[in-house]
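Scroll down for the structure; my scribbles are underneath it.
The values are calculated or read from the model by the stated rules, or taken from the named source; none is laboratory data. All of these numbers come straight from a predicted model, not from anything done at the bench. In this analysis, Cβ positions are derived from the backbone assuming ideal geometry, glycine residues included, and neighbour counts consider all displayed protein chains.
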Amino acid sequence: MGLLLAGAVYAAPAAADEPKPGANCPPGAIDCDVYADGKKPPKPDKPGDNGKPGGGGGGEGGSPKCIARDGSGGTFEVPCYDEESGWFDASSSCYWRLLEPPPAANDPVWDGHAPGDGAVYNGQCPGQPLMGGLRWFQNPPPGYGGGPNLEALAQEAVTKMRLLGADIGIAPKQGGTGTVGVPVWVWNGPSPQTTGPTSASATALGVTVTATATVRDVVWNFGNGTTVSCPFPGTPYSPSFGLTPPRPASGQCGIAGYSRVGEYAVTATTTWAVHWVGGGQQGDLTTTRSAQAAVRIGELQVVGQ
């Protein structure tokens, strides 16, 4: 009689790539105030200076962009500052420039307020030209004098989430050697940092951006030229499945088996979809994290009596 010696998959999880913390958000911080460019910004110019950007060195990365709305609900990018129009306010989707000299004290635009109590600004709305015009503000309009870079704040919020790659689960049982032709199952262990959703906020110059991250997909590379994008997060293997290959339609993930003996690196690449809101704007970005496990595959052997 012959004796069948079967093996089990050995998976040695490697450390996932963890994002580095931002310069103003130390590791482990639950909440903190950050600056969009990592540097303390200059104080906004006084209204008497017409809100123009001051001299001195500018930051790297080019001029920031803002999002304007048109009358049909569409959006488009505009500079956050325009030499002729002034500073852009995302909440009104208009540029505002301090009116100099100010209107006469009896001008209706003061809306019953005395000169010196607030100020009058001229608005120009690139997507809705019939809006705008002269308007009194108790305080400068939002964004006036240079607000924070909201996309950079969203990135800071992502850093605070400490997003990770997959917490790889794998079968057959870990700790041994898998067998050629035996199905391999993989899945992602659940946690806020590996499966989400998870949220974090970042604040600068009184503006808070909140970002929420959810996993869009996980792509598994089995190290043998096979790449699979499976339903997230995958189904943990159960002995009741036997040697049945994983069925993606049922939320399962894996391959029918390896065809050759050897050691393979299984890499899981998680794509996180991030939606952020704040400062009268919103946007989306994606970021990826990877994790890896080692798998050893041997042959099915028959030992004679």
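Some notes on this structure:
- Selection of first residues in region 110-125 that are in contact (Cβ under 8 Å) with a residue 12 or more places away in the chain and of second residues that are hydroxyl-bearing (Ser, Thr, Tyr) and not in a loop (DSSP other than H, G, I, E, B), restricted to Cβ pairs under 9 Å at least 6 apart or on distinct chains, gives the following pairs, ordered by first then second residue: Asn122/Tyr95; Gly123/Tyr95; Gln124/Tyr95; Cys125/Tyr95.
- Selection within region 254-284: residues that are polar (S, T, N, Q) and out of contact with any Gly (no Cβ under 8 Å at 6 or more places or on another chain). The member of this set that is nearest to Phe222 (Cα to Cα) is Thr271.
Listed here are the residues, each with its yes/no results for (1) assigned to a loop (DSSP other than H, G, I, E, B); (2) on the phi < 0 side of the Ramachandran plot; (3) in the same structural domain as Glu156 (by TED's automatic domain parsing); (4) surrounded by fewer than 17 Cβ atoms within 10 Å (Cβ to Cβ).
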{"position": "Pro192", "(1), (2), (3), (4)": "yes, yes, yes, yes"}
{"position": "Arg216", "(1), (2), (3), (4)": "no, yes, yes, yes"}
{"position": "Trp220", "(1), (2), (3), (4)": "no, yes, yes, no"}
{"position": "Pro233", "(1), (2), (3), (4)": "yes, yes, yes, no"}
{"position": "Thr286", "(1), (2), (3), (4)": "no, yes, yes, yes"}
{"position": "Arg289", "(1), (2), (3), (4)": "no, yes, yes, no"}
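- Candidate set from region 64-115 (those that are among the aliphatic types (A, V, I, L, M) and under 19 Å from Pro148 (Cα atoms)); member that is nearest to the chain's Cα centre (by Cα): Ile67
- The set of residues in region 211-244 that are under 29 Å from the mean Cα position of the chain (by Cα), modelled with pLDDT under 90 and closer than 26 Å to Val261 by Cβ comprises Cys230, Gly234.
- Of Pro101, Pro53, Pro140, Pro129, all but one fail to be modelled with pLDDT of 85 or more and in a loop (DSSP other than H, G, I, E, B); the exception is Pro101.
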